[in-house]
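The values are calculated or read from the model by the stated rules, or taken from the named source; none is laboratory data. Keep in mind that what you see is a predicted model, and the values were worked out from it rather than measured. No Cβ is skipped: glycine too gets one built from the backbone with ideal geometry, and neighbour counts run over all protein chains shown. For the accessible areas, the whole protein counts, side chains as well, though only heavy atoms, and no ligand, DNA or RNA atoms are used. Shrake-Rupley method; radii C 1.70, N 1.55, O 1.52, S 1.80 Å.
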Amino acid sequence: TMPMSTHVRLLDASRADYDGPIDKLAFELVLATRLKAGDLVLCTAGDVVPADGVVIEGMATIEDGSQPTSPIITARRLLVRRGTHLASGYIVVRVAA
């Protein structure tokens, strides 16, 4: 299994007062333990998804652990689980409650 990262890319779009489009370059590195429901996290190739959530943007080849040799392509509104490894691409995940 892939080790969990201690830091994640928390997108500025997570802020309650943010009203713009999702800018994948506007993020801060925060401790994964700081994540809360509704936060938007950018995951890129090589990352491990830090929390259960829903993909709201992007496309990536992922390895879910149950079939490490059969990556699948993600789609919007797909539920992803904590610990899922991204082999390529990127996704924006809205952290679940």
| task | Considering only the stretch 36-63, state which residues are touching a helix residue (DSSP H, G or I) at 6+ places or on another chain (Cβ under 9 Å) and surrounded by 19 or more Cβ atoms within 10 Å (Cβ to Cβ). | result | Asp39, Leu40, Val41, Pro50, Ala51
| query | Is it true that Ile91 is at pLDDT 85 or above and open to solvent by less than 40 Å² (accessible area, probe 1.4 Å)? | reply | yes
| note | Those residues of the stretch 33-53 that are under 20 Å from Ser88 (Cβ atoms) and part of a strand (DSSP E or B) come to a total of 6
| field | Every residue from the stretch 4-32 that is open to solvent by 60 Å² or more (accessible area, probe 1.4 Å) and in a strand (DSSP E or B) | value | His7, Phe27, Glu28, Leu29, Leu31
